[in-house]
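The values are calculated or read from the model by the stated rules, or taken from the named source; none is laboratory data. Just so it is clear, the structure is predicted and the values come from calculations on it, not from any experiment. Quick reminder, even Gly has a Cβ in these numbers, built from the backbone with ideal geometry, and neighbours come from all protein chains shown.
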Amino acid sequence: MISDDDRHRAAQALFQAERERQPIPQLSTTWPQMELEDAYAIQRLVAEMKLAEGSRHIGHKIGLTSRAMQMASNFTEPDYGHLMDDMIYADGAAIPAARFMKPRLEVELAFVLSADLQGPGVQIYDVLRATEFVQPALELIDYRTHVPRQIADTIADNAASGALVLGGRTVRPFDVDLRWVGATLSKNGVIEESGVSAAVMGHPAAGIAWLANKLAAVGGRLLKGQLLLSGSFTRPVSVAPGDVIFTDYGPLGAIGVSIS
């Protein structure tokens, strides 16, 4: 564990790194005794700094939902981060690369809640009952520290979340079999990644259930109206200025963006 003062120093360093687009040394190097509890506390402090500057909290992202990514990170469960209103881009947007350090895109589904979800004991069917609609999304992930990183570095750094793109067709959760939503991601006309949403813990709603139960352990809950990114079902694809991205979700529509 690290002290409250060190948590605040770490949060300020991450906040400045994102603002100035200059990566900082890994927090786990600066504070080797940092634990996961410290990392989530640092993440919350950074979110509070953004709220104080006028950002609005709109929901959460869930990461490390596939077994392959957990093994690559030497971690045995997902992680989560905060989503703010100024992180959203619409379908067709030109995303400025200069806003980020090393942007990469992942293919996901976004859930919007019609009711609160309070753990413990939340199951997939509870998530589906509490979901107003689901829609295709891309998450842009980014790092504010140097690599390689420990899991505590990633968690403190808002679970590597940088931005998100919403598009495609909204569907009610029982109108399609969400396990079998598939997508391809093309960069400059070449398919770089493809996947199916069952890769997210067997069902994309399983990630939402995990988060509701995880937050319950610290006195939190998921709220009606919140937007939740349920986890990627493709590997991240690096993007750079000039790239054109098209993600085809079949019956659920598509998302297209350019990197400027």
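What the table shows:
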{"item": "Residue identified as in contact with a helix residue (DSSP H, G or I) (Cβ under 9 Å, 6 or more places away or on another chain), in contact (Cβ under 8 Å) with a residue 24 or more places away in the chain and acidic (Asp, Glu) among Asp243, Asp248", "result": "Asp243"}
{"item": "Test result for Lys214, among the charged types (D, E, K, R), closer than 19 Å to Ser161 by Cβ and crowded, with 18+ Cβ neighbours inside 10 Å", "result": "yes"}
{"item": "For Lys61: the one exception among (1) under 16 Å from the mean Cα position of the chain (by Cα); (2) at pLDDT 95 or above; (3) of a type in the set (D, E, K, R); (4) surrounded by fewer than 19 Cβ atoms within 10 Å (Cβ to Cβ)", "result": "(4)"}
{"item": "Residue list for the range 132-177, filter: out of contact with any helix residue (DSSP H, G or I) (no Cβ under 8 Å at 6 or more places or on another chain), closer than 28 Å to Thr30 by Cα and part of a loop (DSSP other than H, G, I, E, B)", "result": "His146, Val147, Pro148"}
{"item": "Scope the range 228-240; condition over 23 Å from Pro96 (Cα atoms) and either touching a His at 6+ places or on another chain (Cβ under 8 Å) or free of Cβ contacts under 8 Å to residues at least 40 places away in the same chain (or both); matching residues", "result": "Leu228"}
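Each row is one residue, and each column tells you yes or no for (1) within 19 Å of the chain's Cα centre (by Cα); (2) over 16 Å from His60 (Cα atoms); (3) touching a residue at least 40 places away in the same chain (Cβ under 8 Å).
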residue: Glu108; (1), (2), (3): yes, no, yes
residue: Leu117; (1), (2), (3): yes, no, yes
residue: Asp126; (1), (2), (3): no, yes, yes
residue: Pro173; (1), (2), (3): no, yes, yes
residue: Ala183; (1), (2), (3): yes, yes, yes
